[in-house]
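Read the structure below first, then the notes.
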Amino acid sequence: MKIKQLQYSDTELFLLLKTRKIKEFTYIYDFYSPILYGFLLNSGLSEKYSSDILQEVFIKIWNKSSQLPTHNNFLIWMLQITTENIRDYLQNNHRKFTIEVKNCAAISIKFTDVIEPALTNQSIA
C-alpha cells in the first residue's frame, strides 16, 4: 500500500479550506478521511456509526470553512470536530455513553446503555 504524503503545511490547509473550492476540499477529504475513520473505529464505534459520523464531520468542516479557527494544528482541529460530532451523534440517537480521552489522537467510548453478553445469565449459542 502506498502511503500518501501531505503536500501542505497546517497553515496552508486552513487557507485551502477557506477558499471553499471543491478541488481543495476533495484533497483534504481524500487525505484525512481514512485517518478520521480509523480514529472513529479505534474509539470503539461500529462501522455504521463511524461512517455516519465521518460524513457529518466533513459536512461540519465544509460549513465552518469560512470561519476557521486560529488553531495551529489542522489534524488536532479535525479530531476535535470529530469528537464533538461523536457526542452529538450519540446523544441524538439516545445512547448513553462515556468518552475517555487517552491522548490528543485517541479516545475510548464506553456505552452505558448496553448489557455485555458475558454479564447476563443467559448463554449465547
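The values are calculated or read from the model by the stated rules, or taken from the named source; none is laboratory data. Only a predicted model underlies this, so the values are computations on that prediction, with no experimental measurement involved. Ideal geometry is used to build each Cβ from the backbone, glycine not excepted, and the neighbour counts take in all protein chains shown.
Overview of results
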| item | result |
| --- | --- |
| Pick from the stretch 83-125, criterion of a type in the set (Ser, Thr, Tyr) and at pLDDT 90 or above, ranking: surrounded by the most Cβ atoms within 10 Å (Cβ to Cβ) | THR83 |
| Test result for ASN72, touching a residue at least 60 places away in the same chain (Cβ under 8 Å) and loosely packed, with under 13 Cβ neighbours inside 10 Å | yes |
| Filter result for GLN80 (exposed (fewer than 10 other Cβ atoms within 10 Å of the Cβ), within 18 Å of ASP10 (Cβ to Cβ) and either free of Cβ contacts under 8 Å to residues at least 40 places away in the same chain or touching a His at 6+ places or on another chain (Cβ under 7 Å) (or both)) | no |
| Close pairs from the stretch 5-34: first in contact (Cβ under 8 Å) with a residue 12 or more places away in the chain, partner acidic (Asp, Glu) and surrounded by 13 or more Cβ atoms within 10 Å (Cβ to Cβ), Cβ under 8 Å, at least 6 apart | LEU16/GLU24; LEU17/GLU24 |
| Check on GLU24, more than 29 Å from GLU100 (Cβ to Cβ), acidic (Asp, Glu) and surrounded by 15 or more Cβ atoms within 10 Å (Cβ to Cβ) | yes |
